[in-house]
Amino acid sequence: MTVRVERTFDLPVPPEDVWGFIAEPEYRAKAISVVSDYDLKGDGKRATWHIELPIPFVNRTVPVETEDVKREKPRYVKFVGKSSAMRVTGEHEIEETEDGSQLHNRFVVEGKVPGIERYFKKHLDDELTNLERALRNEVGVVS
């Protein structure tokens, strides 16, 4: 089973401000509640997320190697994360609007361990709420 979630955020800031957040692997990692720690790689496009999932069969922190596989500054980032437990793909597309920006987010999680899909089916939308909250805080927009 694969879990897919899409959500769009409307933000009253220019696309460059949104890009400044979404293009940084550190900001994305900090926004996800199950990421207990992360290590940034030297090129600024890769990071290792150490995730803790409260599910059976996963009784340790799982390292997820993430990499930005496509960047089109200042409008699009696609990243892929791979581990022994899961594969995650995230896409962030920024669109300029009359009032600022829209950020279109698409996430796909494919579990390799029992319970991964069930967990993310229940919680992935909450993780997008966390991402939106972190983005709004970073660009100075209070919900």
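Being touching a Lys or Arg at 6+ places or on another chain (Cβ under 8 Å) and farther than 10 Å from Ala134 by Cα is the filter here; which residues of region 23-32 pass it? Lay out the reasoning, then the answer.
Step one: list which residues in region 23-32 are touching a Lys or Arg at 6+ places or on another chain (Cβ under 8 Å), which gives 23, 25, 31.
Of everything in region 23-32, those that are touching a Lys or Arg at 6+ places or on another chain (Cβ under 8 Å) and farther than 10 Å from Ala134 by Cα turn out to be Ala23, Pro25.
Go through region 22-46 and report how many residues are closer than 14 Å to Arg71 by Cβ and either among the acidic types (Asp, Glu) or in contact with a helix residue (DSSP H, G or I) (Cβ under 9 Å, 6 or more places away or on another chain) (or both). If you could, list the steps in order and put the result at the bottom.
Looking only at region 22-46, we keep the residues that are closer than 14 Å to Arg71 by Cβ, and these are 22-25, 28, 43-46.
If we keep only those that are either among the acidic types (Asp, Glu) or in contact with a helix residue (DSSP H, G or I) (Cβ under 9 Å, 6 or more places away or on another chain) (or both) as well, we get 22, 24, 28, 43-46.
Going through region 22-46 one residue at a time, the tally reaches 7.
If you check Val13 against the conditions, is it open to solvent by less than 80 Å² (accessible area, probe 1.4 Å), of a type in the set (Val, Ile, Thr) and closer than 20 Å to Asp125 by Cα? Break it down into steps so the answer makes sense when it comes.
Values: open to solvent by less than 80 Å² (accessible area, probe 1.4 Å): yes; of a type in the set (Val, Ile, Thr): yes; closer than 20 Å to Asp125 by Cα: no.
Answer is no for this residue.
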Query raised in the report: In region 56-83, what residues are in contact (Cβ under 8 Å) with a residue 24 or more places away in the chain and in a strand (DSSP E or B)?
Result: Val62, Val64, Thr66, Asp68, Arg71, Val77, Phe79, Gly81
Requested in this report: Answer yes or no: is there a residue in region 42-55 that is open to solvent by less than 20 Å² (accessible area, probe 1.4 Å), of a type in the set (S, T, N, Q) and not in a loop (DSSP other than H, G, I, E, B).
Outcome: yes
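Quick one: count up the residues across region 103-136 that are open to solvent by 80 Å² or more (accessible area, probe 1.4 Å) and modelled with pLDDT of 95 or more. It would help to see each step written out before you state the result.
Start the filter on region 103-136 by keeping residues that are open to solvent by 80 Å² or more (accessible area, probe 1.4 Å), which leaves 112, 114, 118, 121-122, 126, 133.
Among the residues that remain, those that are also modelled with pLDDT of 95 or more are: 133.
Number of matching residues: 1.
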Requested in this report: Please specify each residue of region 16-34 satisfying the condition of being open to solvent by less than 60 Å² (accessible area, probe 1.4 Å) and among the polar types (S, T, N, Q).
Outcome: none
Report summary line: Scanning region 98-143 residue by residue, the ones that are within 19 Å of Ile22 (Cα to Cα), of a type in the set (D, E, K, R) and part of a strand (DSSP E or B) total 1
Requested in this report: Show the residue pairs that are 6+ apart or on different chains and have beta-carbon atoms under 8 Å apart, the first residue being within region 1-20 and in contact (Cβ under 8 Å) with a residue 24 or more places away in the chain and among the aromatic types (Phe, Trp, Tyr), the second being exposed (fewer than 15 other Cβ atoms within 10 Å of the Cβ) and outside any helix (DSSP H, G or I).
Outcome: Trp19/Lys73
Query raised in the report: Being at pLDDT below 95, open to solvent by 20 Å² or more (accessible area, probe 1.4 Å) and over 18 Å from the mean Cα position of the chain (by Cα), is that true of even one residue in region 65-83?
Result: no
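Scan region 84-97 for residues that are part of a loop (DSSP other than H, G, I, E, B), crowded, with 16+ Cβ neighbours inside 10 Å and of a type in the set (S, T, N, Q) and jot them down. Spell out the reasoning first.
Here is the first cut: in region 84-97, the ones part of a loop (DSSP other than H, G, I, E, B) are 84-85.
In the following step, the residues that additionally are crowded, with 16+ Cβ neighbours inside 10 Å were identified as 85.
Scanning region 84-97 gives no hits.
The values are calculated or read from the model by the stated rules, or taken from the named source; none is laboratory data. Predicted model, so just to flag it, every value in this text is computed and none were measured. Note: ideal-geometry Cβ built from the backbone for every residue, glycine included; neighbour counts use all protein chains shown. To get the accessible areas, we keep the full protein, side chains included, count just its heavy atoms, and leave off ligands, DNA and RNA. Shrake-Rupley method; radii C 1.70, N 1.55, O 1.52, S 1.80 Å.
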